[in-house]
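> Input: one structure, supplied below.
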């Protein structure tokens, strides 16, 4: 694939990745592949080939999802990420072959792993966006999006809602470990930290500079 016009954003939760992808696509008259864009392929996936991605698709009782231990959850996330990468690269290849994508910049909120990004592109086409760990842990359910509110309601329906919340927050704590942050910080790509005092325009300016688009 010719990825010269493709710009990837990776990083932590609550860092503004999705918003930045959408805003950059508008600014540059480009195309936005937003968070979890692989979901479009989910209905057609084979559960034997993609068991982790299909786990939520085929789940009968969503309370099982929140009752898993933090360790089970982290393992599932890591395995899901590997499967997402396969689908996302396939979808990107399909998009690049379409006439409407020719000569347009594509901004991707991606699950593609760091080692893969190093193989397929360079440091001027990947941006790391990060937020302090406490934001991703303590403010996770502050977001209004349907997915997070759905999970919150599931926990409120548990016999011991506080225990369910504590269990999920422990998973978030492990997910936002020092090791995971160090991996991103040392990935070899430009890094932008979340700043509540910075405007969307200013964040886009920083992203443009990192991508060499300014």
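The numbers here are math on the coordinates, done by the rules we state, and not lab data. Computed from a predicted structure; not experimentally measured. Every residue, glycine as well, gets a Cβ built from its backbone with ideal geometry; the counts of neighbours run over all protein chains shown.
> How many percent of DSSP beta bridges within the chain run antiparallel, rounded to 5? Display every interim value, and only then the final one.
On the way: 0 of 14 bridges.
Looking only at bridges with both residues in the chain, the antiparallel portion is about 0 percent.
> Another question, if that's okay. Starting from 0.36 nm per residue, how many nanometres of slack lie between residue 64 and residue 36 once their C-alpha separation is accounted for?
Values: separation 28, 0.36 × 28 = 10.08 nm, distance 2.16 nm.
Going from the current span to full extension adds 7.9 nm.
> Same structure, new question: Roughly what would the spin-label model give for residue 170 and residue 46, points 7 Å off Cα along C-beta, in nm?
About 3.8 nm, to one decimal.
> Another question, then. Most exposed first by the Cβ proxy, i.e. fewest other Cβ within 10 Å, how do 9, 112, 120 rank?
On the way: 9 26, 112 21, 120 15.
By the 10 Å Cβ count, ascending: 120, 112, 9.
> Could you work out [θ]222 nm for the chain from helices alone, using -39500 (n - 2.57) per DSSP H run of at least four and dividing by all its residues? Round to the nearest 500 deg cm²/dmol.
On the way: 10 runs with 109 residues, N = 214.
The per-residue figure over the chain is -15500 deg cm²/dmol.
> Cut-off 10 angstrom, C-alpha nodes, Gaussian network model of the chain. Which of 146, 101, 131 fluctuates the most?
Of 146, 101, 131, the Gaussian network model singles out 146 as fluctuating most.
> A further question follows. Just rank 45, 59, fewest to most, by other beta-carbon atoms within 10 angstrom.
Numbers: 45 16, 59 11.
Taking fewest neighbouring Cβ atoms as first place, the list is 59, 45.
> Just rank 109, 58, fewest to most, by other beta-carbon atoms within 10 angstrom. Working shown, then result.
Details: 109 22, 58 8.
The most exposed by this proxy come first: 58, 109.
> Still on this structure, please answer the following. In a solvent-free Debye calculation with one equal scatterer on each Cα, what is log10 I(q)/I(0) for the chain at q = 0.14, 0.18 Å⁻¹, listed in the order of the q values?
Values, matching the q order: -0.94, -1.46.
> Between the alpha-carbon centers of the stretch 64-120 and the stretch 8-31, tell me the distance in whole angstrom.
Using only Cα atoms to place each centre, the spacing works out to 15 Å.
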